[in-house]
Amino acid sequence: MEQLEHHDAQPPESALRRWPNYEAAAIGLKEYWYPVMPSRKLGRKKMSAARIAGRELCLLRENGKIYVLENQCPHRGIPLSMGSREFPGHVACIYHGWVFDVTDGELKHALPDGPDSPIRGTLCVRTFPAEERLGMIWVWTGDGDPVPLDDDLPEEFLDPAADIFWRQSDSPGNWRYAVENGFDESHGKVLHRNSWWLFFNRMSAWNDTEITRSEDGKWLRRYQRKIVVQADYPGLGQWPRFNFFQRRRKTVQQGSNSHAVDVRLPATLRVRQPGNANWTHYEWYVPIDDSHYRYTQVAVAWVTGFRRLMWRLRYWTYILWVHHYGFNNQDLMVVPLQNPLKAENLFRPDVSVTAWRRFADREHRRPSPETKARNTEAAE
Amino acid sequence: MEQLEHHDAQPPESALRRWPNYEAAAIGLKEYWYPVMPSRKLGRKKMSAARIAGRELCLLRENGKIYVLENQCPHRGIPLSMGSREFPGHVACIYHGWVFDVTDGELKHALPDGPDSPIRGTLCVRTFPAEERLGMIWVWTGDGDPVPLDDDLPEEFLDPAADIFWRQSDSPGNWRYAVENGFDESHGKVLHRNSWWLFFNRMSAWNDTEITRSEDGKWLRRYQRKIVVQADYPGLGQWPRFNFFQRRRKTVQQGSNSHAVDVRLPATLRVRQPGNANWTHYEWYVPIDDSHYRYTQVAVAWVTGFRRLMWRLRYWTYILWVHHYGFNNQDLMVVPLQNPLKAENLFRPDVSVTAWRRFADREHRRPSPETKARNTEAAE
Amino acid sequence: MEQLEHHDAQPPESALRRWPNYEAAAIGLKEYWYPVMPSRKLGRKKMSAARIAGRELCLLRENGKIYVLENQCPHRGIPLSMGSREFPGHVACIYHGWVFDVTDGELKHALPDGPDSPIRGTLCVRTFPAEERLGMIWVWTGDGDPVPLDDDLPEEFLDPAADIFWRQSDSPGNWRYAVENGFDESHGKVLHRNSWWLFFNRMSAWNDTEITRSEDGKWLRRYQRKIVVQADYPGLGQWPRFNFFQRRRKTVQQGSNSHAVDVRLPATLRVRQPGNANWTHYEWYVPIDDSHYRYTQVAVAWVTGFRRLMWRLRYWTYILWVHHYGFNNQDLMVVPLQNPLKAENLFRPDVSVTAWRRFADREHRRPSPETKARNTEAAE
């Protein structure tokens, strides 16, 4: 593993604005697959509307396959998701009955102009590659050719033993602050100190953190080489203070890789649960527009048979409440309160934030100019 | 009648932007009489406020006559409609008792400055010509001299046998999309297909439409020369499909003038009801500002005595519910969803839309420069 | 006393825009003490947030003393008022535990960076001078050195016999229109004519008003040299008309100084109650931002012992209801309806308004450039 940053190094760059691409991506990095909607939310008859990375989408399922069209009729601008599915394989606009093929978006008929309408075949709505996998509908929002969906999934999701719970809610705030908050270790020690989870568990005072890269290059990892459980702060005293249940273990620990938290593009977090918890928590911060994101919480265990049953029971009775509601909802509060990148002053623990920014800024996927030109032309 | 456009002709102009005056009239065409408020809504004591074509109006009734003033005191900007009527023939501002003559808007007294206030006679609020006719208050919003109100009324309204029901509601959306929607034939075949009215009646697949002009030049008319009730659309099948009650009459009909729909300036629609329905539906799309209009629905029958009684019963039990609520409220939904003129792509049935645009663009009333200059000066 | 303006003089300047500093002070005059919050609203444990004169404030009480900090953590912009008070003498940000000294705003620790964090002492949040006096928390919002609080208090507040009731509510509208409305005599004769207070009392038709300055130069005073109780307005008749309870006293009265209303900087009104009412009404129009102000109503009597008890009873049963709710709430209605300064036309009774504008424009306190430079630097 390559070592990218280190806690003891100089304070990270702050106001230097070394991440121009990242700064420009206010409504999201486009050339990726995003989890748009849980499968169970899209019926067989209805269409759904979603805004992802600034794009208006009309989603529908036909013969078990998912189709996604730009959600705007080229005639008068009415959302196609308000339209009708009366013709199999087609969407008809509610306003004037313009009928589009769901596979390629081509205008096949404009009903009230008669079967010989000369406008047939002269217009298209844009279509977006879409797949249904693992209980989720995934959409490619890029201008380039889509990569295989597997490239944008954590590979452990493909293990047949994976049992996955998805939860999505639209939240105010920019997606980048949500990622930075997720990969940032240091806020947890303060913001989450009064969460339910902390009543029996405890958080350290400060750590010696190392940022590394996974072997396949896809994930950034933050890992605590040393954990200082409690410290004396001149003028303030001992911090943190522990209750009865938290008072155990020694003060300085050797970190372990099992505590690592990982982040990858476009906006995906992985938190291995410590010890013998046997499940992993994921988050996707799916951009909606520059001030909203679709917060996606995922709990995964790799279990079968009776153990899968027990896992599901545990999810519904414990994880959903203590982790997803009690812990993560504290993050939802601070994301929309944050200033633009300009007004900040960073400190040493922000190495995770700056490493992520550099990673996203430099290594995000982009289409070749030729591909982009070809696809953009085709859409017009 | 002059033939303006024809269905079989070339597709109408679309993105060519041939209607600069129409595009500029975002808050309405000003040199017209507009129906602002039903008579019954304006009491004898109270004043009312209304915004029409971007103008703020203060309306009041005095000795049976209607007066309309600009709804803003020139002293500190408080709406005059909040003021008092304690002095006959005058309006007193609620804030500092500036007293204006309702006939010419002149400042007659500024009460707390004493009877000899030097500001008397030095300021005016603008007044607007107004008339009460046929249960409605009409206001001239133009800068030019007002034409006779009769010029802006459908002439059949003046028949003493006319019995008129007015209904007004403020709706989001620009008035132009409301007119275009009203005069556009083709959306009805799709948008209104599931309205209550359609359960017993039916709508055709497509028509051969002709746009003509009325003999007095005031109305544009769309008229179906040929009506194709049902057609076969390759790849889709027969459309529309009819239920038991709708299954009658032959597939291709000769159109008849009794089905014609007419539109005139400033924003008035006339829909003769088919067959022996014996009443006519009108709509005014009275502009409020660039994103709201006062939707005015009118039902008129020319009946007296017992037949008038039966007509009123029919209005209250059937027409109001099936036509005004059930049918037209579907239009209210699509008007505010429409794009600016730029983002559209038109098709052949939009001949009615483009004929209206050209008509409004070229033939709207405008004051002579001298009149406008004179009236604008007088108002200052 | 210097005579500044006179009712019989020329109509006051109106559109001439002679008050550039006043016009520029849309969010308030900064170099003053403002009453921000009643003492009882700030607890011992909680922090409070307030926006005054465009500044975001975090207020807290520690060991009986008030501290005010800029309400924004320099790290990521989170309001400090959401943070924790667990360390005496310090405020800890809720997000990452940056710990600031409440006395000088210096960053003392950044907890999750460990006790030796190099960021310690390198950053400050701005602090604001604050005092608790007379049941109210006062904050200095200026860039210059603070004057003694006593300089910004009416001196009669310092009399130990003063018993003071404070009432604050945030209202829409710009603070300047609120001051102008408060010092303006003429609107009372019209706007407040139907208030409860007027049922037994009466207001005159017009006055001969003189604007003078208090001996210490701090207050502008409007004083009625002559009061014309009722007058005949040609074309309108006698005005005002009085009910049975109001019909007494002669028509023209000699004014008395006991009716005077005073205004001073930054935005403070004083209304001596007439006759033997034995109490005085004050108002502060504390600017929040350019379209909101914290309306502060104050009732003061100088009484002790049993007479203080009777005064308090009178406040709670009568003054609060008839004066503070019934009378002043009519003013809250007109302040947000007013136009910008540009759209007005002034008349003779507006001498009070223009005298106030000139006073505020020319005589408002401002820091010396050196002081401002020094303090601004220190805050950065």
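We did not get these values from a lab; they are worked out from the coordinates using the rules stated. Remember, it's a predicted structure, so these values are computed and weren't measured experimentally. Please note: Cβ atoms are built from the backbone with ideal geometry, for glycine as well, and neighbour counts cover all protein chains shown.
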**Asked** For chain C, what does -39500 (n - 2.57) per DSSP helix run (n ≥ 4), summed and divided by total residues, give at 222 nm, in deg cm²/dmol to the nearest 500?
**Response** -4000 deg cm²/dmol
**Asked** So what's the net charge close to A:Asn21: Lys and Arg +1, Asp and Glu -1, counting the other residues with Cβ under 11 Å from its Cβ?
**Response** +2
**Message:** Is there a quick way to get the dipole size of the stretch C:26-178? I mean about its Cα centre, with the Cβ of Lys and Arg at +1 and of Asp and Glu at -1; what is the value in debye to the nearest 20?
**Reply:** 800 debye
**Message:** Between A:Asn207, A:Asn174, A:Asn243, where does the largest GNM mean-square fluctuation fall for chain A, given springs only between Cα atoms within less than 10 Å?
**Reply:** A:Asn243
**Request:** Report, by chain and number, residues whose modeled amide H sits under 5 Å from the one on A:Ala231, excluding near sequence neighbours (fewer than 5 apart, same chain).
**Result:** A:Trp239
**Asked** Label-point separation (nm) for B:Ala24 and A:Glu132, each offset 7 Å from Cα along Cα-to-Cβ?
**Response** 5.5 nm
**Item:** Kirkwood hydrodynamic radius (C-alpha pairs) into Stokes-Einstein, the stretch A:272-342, 25 °C and 0.890 mPa s, D in µm²/s
**Value:** 174 µm²/s
**Message:** Using Cα springs under 10 Å in a Gaussian network model of chain C, which residue among C:Ile119, C:Ile27, C:Ile66 shows the largest mean-square fluctuation?
**Reply:** C:Ile119
**Asked** How long, wide and thick is chain C, going by the Cα atoms along their three principal axes, in whole angstroms, largest first?
**Response** 83, 53, 35
**Message:** Given Cβ point charges of +1 (Lys, Arg) and -1 (Asp, Glu) and nothing else, what value in debye, to the nearest 20, does the dipole of chain A about its Cα centre take?
**Reply:** 1700 debye
**Message:** Output wanted: per-residue J couplings in Hz (rounded whole) for the stretch B:141-154, from phi through Karplus 6.51 cos²θ - 1.76 cosθ + 1.60, θ = phi - 60°, x for Gly and Pro.
**Reply:** 9, x, 8, x, 5, x, 7, x, 4, 4, 4, 9, 9, x
**Request:** Could you check the simple spin-label distance between A:Leu158 and B:Leu320, using points 7 Å along Cα→Cβ, in nm with one decimal?
**Result:** 6.7 nm
**Fill in**
Taking r as the C-beta separation of C:Arg40 and A:Lys226 and R0 as 45 Å, the FRET efficiency to the nearest 0.05 is 0.40
**Message:** So the label point sits 7 Å from Cα along the Cα-to-Cβ vector; using that for B:Gly43, what distances do you get to the other copies, in nanometres, sorted shortest first?
**Reply:** 4.7, 4.8
**Prompt:** What is the dipole size for the stretch B:44-131, taken about its Cα centre, with +1 at each Lys and Arg Cβ and -1 at each Asp and Glu Cβ, in debye to the nearest 20?
**Reply:** 360 debye
**Prompt:** Which residue of chain B is nearest the rotation axis onto chain A, counting by its Cβ, and what is the distance in whole Å?
**Reply:** B:Ser291, 13
**Position A:Gln253, label points 7 Å along Cα→Cβ, spacing to each other copy in nm (shortest first, one decimal)** = 8.1, 8.2
**Asked** Taking amide hydrogens as modeled 1.01 Å from N in the peptide plane, which residues meet the under 5 Å criterion relative to B:Ser204, leaving out close sequence neighbours?
**Response** none
**Asked** Which cross-chain or sequence-distant (5 or more) residues have an amide H under 5 Å from the amide H of B:His109, H modelled 1.01 Å from N in plane?
**Response** B:Val99
**Asked** Of A:Lys41, A:Lys108, A:Lys218, which has the largest mean-square fluctuation in a 10 Å C-alpha GNM of chain A?
**Response** A:Lys41
**Asked** Any idea what the A:Arg314 label distances to the other copies are, label 7 Å down the Cα→Cβ vector, nm, shortest first?
**Response** 7.4, 7.4
**C-alpha long axis of helix B:351-363 to longest principal axis of chain B, angle in °** = 30 degrees
**Request:** Sorted from largest down, give the three principal axis spans of the alpha carbons of the protein assembly as shown, whole angstrom values.
**Result:** 98, 95, 48
